[in-house]
Amino acid sequence: MAAPIGKGERLILLHAGNSRGFVPGVCLLFKSGGTGDYHEEMDSVTFQSWFKDTLLPSLSNPSTIVMDNASYHSQLLDKVPNKSTIKAKMQEWLQQHNIWFEEDMTKAELLEIIRQNKPPNPTYFI
């Protein structure tokens with residue numbers, strides 16, 4: 001019987017290329033632990049470290065970087081709470097942004113204040 005597709009150990013590869021081929025010295029290749037979900041090992045911390053410490057210093061200027069929309073490529077710097085965010089985290093976000101609210105406000109009331117004060121455009125780590 002064949003092994004299920006997408007389960008078990010796998011290789012995780014980060015690399016970059018251009019019109020002349022692969023960028024020398026930027027390959028990151030490692031074997032996953034085989035948990036079945038590679039996202040436990042290929043995450044935003046690993047990606048951001050590789051991107052800033054390995055890829056960027058290896059590029060010539062100017063460069064255009066094209067990435068897919070993997071969740072670890074687009075981690076928000078300041079994630080705005082939404083309706084599924086717990087009330088304490090909503091209050092924490094409002095406090096961090098020096099936005100007034102009353103302690104006894106409901107989640108719906110806090111969410112409305114957040115909606116009125118959220119930044120117009122999201123900011124990403126990368």
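Readers should treat all values here as calculations from the given coordinates under stated rules, not as data from a laboratory. All values derive from a computational prediction rather than experimental measurement. Don't worry about glycine lacking a Cβ; one is built from the backbone with ideal geometry, like all the others, and counts go over all protein chains shown.
Relative contact order of the chain: what whole-number percent is it, with Cα pairs under 8 angstrom and at least 6 residues apart? Please list the in-between numbers first.
Working: 121 pairs, mean separation 26.2, N = 126.
Normalised by residue count, the contact order of the chain is 21 percent.
For 10, 115, what's the fewest-to-most ordering of other Cβ within 10 Å of each Cβ? Each step should come with its number before you reach the end.
Numbers: 10 15, 115 11.
The most exposed by this proxy come first: 115, 10.
Counting other C-beta atoms within 10 Å, which of 90, 67 has the fewest, and how do the rest follow?
Values: 90 22, 67 12.
Fewest to most other Cβ atoms nearby, the residues stand as 67, 90.
Kindly provide the GluC sites (Glu not before Pro) of the stretch 38-126 that DSSP labels as loop, not H, G, I, E or B, and whose Cβ sees at most 15 other Cβ atoms within 10 Å.
Details: sites: 40, 41, 92, 102, 103, 109, 112; in loops: 41, 102, 103.
Those satisfying the criteria are 41, 102, 103.
Note the angle between two axes, namely the Cα long axis of helix 107-117 and the longest principal axis of the Cα atoms of the chain, as a number of degrees from 0 to 90, rounded to the nearest 10.
70
With N set to the residue count of the chain, report its C-alpha Rg divided by 2.2 N^0.38 Å to two decimal places. Could the numbers behind the result be given before it?
Values: Rg = 20.2 Å, N = 126, 2.2 N^0.38 = 13.8 Å.
Relative to the rule-of-thumb radius for its length, the chain sits at 1.46.
Explain nothing, just compute: Karplus ³J(HN,Hα) = 6.51 cos²θ - 1.76 cosθ + 1.60, θ = phi - 60°, for every residue of the stretch 80-88 in order, whole Hz, x for Gly and Pro.
The phi angles translate into 7, x, 10, 5, 8, 6, 5, 4, 4 Hz.
Any aspartates and glutamates with Cα under 19 Å of the residue 87 Cα? List them, leaving off those in the same chain fewer than 8 positions away.
Within the straight-line cut-off, residue 87 pairs with 78, 102, 103, 104, 109, 112.
What nm distance separates the two modelled labels at residue 112 and residue 79, each placed 7 Å from Cα along Cα→Cβ?
About 2.6 nm, to one decimal.
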